[in-house]
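The values are calculated or read from the model by the stated rules, or taken from the named source; none is laboratory data. In this text, all values refer to a predicted model and were calculated from it rather than measured experimentally. As a convention, Cβ positions derive from the backbone with ideal geometry for all residues, glycine included, and neighbour counts pool all protein chains shown. These area figures cover heavy atoms from the full protein model, side chains too; ligands, DNA and RNA do not enter into them. Shrake-Rupley method; radii C 1.70, N 1.55, O 1.52, S 1.80 Å.
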Amino acid sequence: MGKQKVVIKVPMNEQKSRSKAMKIAVGVPGVESAALGGQAKDQLELVGDGIDAVCLTTLLRKSLGFSELVSVGPVPEKKDGGGDDKKKNEATPSVPGVGYYPYPYPYGAGHVYEIRDQNPDNCSIM
């Protein structure tokens, strides 16, 4: 199907409504990134693969009272400037001594320390 860009207009006057709209948007399957757009920052711009735009608009309508589907289309490709080709082809010089530690390690060589989370299912974002 390919990546698509979905733009939905939602009235977001307060920070609370912005965060509510963003939380709903990123919870929809297929959404890879979400951002606020438009002149008044009243549009959600979503990029992803297989986003159900009608379902998302309906969810936003139920939660925030109003939402309008503005556009659905393919993600526009970014065009590179022609001058960067020389920089990409040049090899980066290696720095001697990188990764070399001349003295014995303070904790002894060969010891691996691992930090484990108590509950790996916890999400640190929310």
Answer residue from region 19-45, given it is closer than 14 Å to Cys55 by Cβ and in a loop (DSSP other than H, G, I, E, B) and is least open to solvent (accessible area, probe 1.4 Å) among those
Val28
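It is to be established whether one or more residues within region 48-55 are exposed (fewer than 15 other Cβ atoms within 10 Å of the Cβ), within 20 Å of Glu14 (Cα to Cα) and modelled with pLDDT of 90 or more. Working first, answer last.
First, the residues of region 48-55 that are exposed (fewer than 15 other Cβ atoms within 10 Å of the Cβ): 49-50, 52, 54-55.
Filter once more, so that each one left must be within 20 Å of Glu14 (Cα to Cα): none.
No, region 48-55 has no match at all.
Of all residues in region 56-72, which are in a loop (DSSP other than H, G, I, E, B) and open to solvent by less than 50 Å² (accessible area, probe 1.4 Å)?
The initial filter retains those residues of region 56-72 that are in a loop (DSSP other than H, G, I, E, B), namely 65-67.
Correct list: Ser67 only.
Do you know which of the residues in region 5-18 that are assigned to a strand (DSSP E or B) and open to solvent by 30 Å² or more (accessible area, probe 1.4 Å) is nearest to Val75 (Cα to Cα)?
Of the residues in region 5-18, the ones assigned to a strand (DSSP E or B) are 5-9.
With the extra rule that they be open to solvent by 30 Å² or more (accessible area, probe 1.4 Å), the set shrinks to 5, 9.
Values: Lys5: 5, Lys9: 18 Å.
The qualifying residue nearest to Val75 (Cα to Cα) is Lys5.
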